[in-house]
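The structure appears right after this line, and notes come after that.
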Amino acid sequence: MSDQSVHPVGEGAPLLREMSPGDVLTALRLGLRDFRAKPMMGLFFANVYVIGGWLLYIFFFVTEQIWWALPITVGFPLLGPFLAVGLYEVSRRLEVGETEWERNAILGVIWRQRLRQLPSMAWVVIVYFLFWSFFAHMLFALFLGPSALVNVTTSYAYLLQPEGISMLLVGSAIGAVFAFVLFSLTVVSLPLLLDREVDFVTAMITSVAVVRQNPKVMGIWAVVIAGLTFLAMLPGLLGLYVVLPILGHATWHIYRLATVSERP
């Protein structure tokens with residue numbers, strides 16, 4: 001990582017550093033260290049994510065709308081950055097040498113964020129997720145027709161037809177664009193909002209600036225997040241009990257590696 005920095009993009013925003021690909025490995029190593037230091041905190045927040053995913057799939061199965069599982073599987077991880085806010089606070093405390101606290105102290109910090117900018121950022125993420133779900137529904141009907149939305153609950157043969165394969169390919173490509181845009185908006189914005197008194201628009205602009213300044217490193221980080229999350233979701237979401245805490249803690253360290261903590 002270079003010591004070179006650029007001017008902040010807005011009032012209260014940090015200086016940005018030039019990053020190197022090795023920073024990704026450094027962040028993962030530090031994320032694993034934080035998870036090992038406070039494993040119960042990581043498992044607690046991962047549990048919310050995993051149980052939420054199970055409940056969604058059960059709901060779609062009971063209501064015979066299991067075809068929604070595909071867009072939800074792609075889109076559900078988009079909520080991960082917001083759900084990992086508690087992990088950012090754990091890493092922040094460990095960073096300054098705090099090692100003893102009650103779980104309620106972390107939850108209290110999250111609760112107090114309701115009076116700051118995180119709720120606004122949360123709405124951005126939620127609306128983005130809902131828009132992706134609507135778009136996936138529209139894409140399904142466009143390629144396979146409205147009748148497929150009914151029949152796919154009893155037969156997945158639609159997905160093996162040329163139209164179904166085309167829909168999966170196009171949907172995956174568009175979904176990747178959706179995911180990368182949201183990644184660019186949130187990769188450092190949520191840790192930044194937790195760490196500094198800035199508005200959520202400035203936080204998002206700063207996050208995009210980090211991606212623009214370090215496209216190669218951020219591209220690697222995006223692939224790492226997508227790949228590990230996908231593998232973790234395969235065994236009934238159970239892998240998220242390990243992957244989500246590590247990625248959550250590592251995201252805090254990506255933020256630290258991408259910014260200058262103190263202004264000169």
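None of the figures in this text is laboratory data; all of them are computed from the coordinates on show. Not measured: the values here are computed from a predicted model. Glycine also receives a Cβ, built like all others from the backbone with ideal geometry; neighbour counts cover every protein chain displayed.
Backbone phi angles across the stretch 28-42, fed through the Karplus curve with coefficients 6.51, -1.76 and 1.60 (θ = phi - 60°), yield HN-Hα couplings of 5, 4, 5, x, 5, 4, 5, 5, 5, 6, 9, x, 5, 5, x Hz in residue order; Gly and Pro are listed as x. Site pair Val223 and Ile51 shows an inter-label distance of 3.7 nm when each label is modelled 7 Å from Cα along Cα→Cβ.
The label point for Ser120 and the one for Ala176, both projected 7 Å from the Cα toward the Cβ, are 3.4 nm apart.
Ranked by the mean number of other Cβ atoms within 10 Å of their residues, highest first, the peptides 26-34, 227-235, 211-219 fall in the order 26-34, 211-219, 227-235. Put simply, the amide H of Thr259, placed in the peptide plane, has neighbours under 5 Å in Arg17, leaving out anything fewer than 5 places away on its chain. Using the average count of surrounding beta-carbon atoms within 10 Å as a protection proxy, the listed peptides 171-184, 197-210, 85-98 rank, highest first, as 197-210, 85-98, 171-184. Spacing of the modelled spin labels on Glu102 and His137, each 7 Å from Cα toward Cβ, amounts to 4.3 nm.
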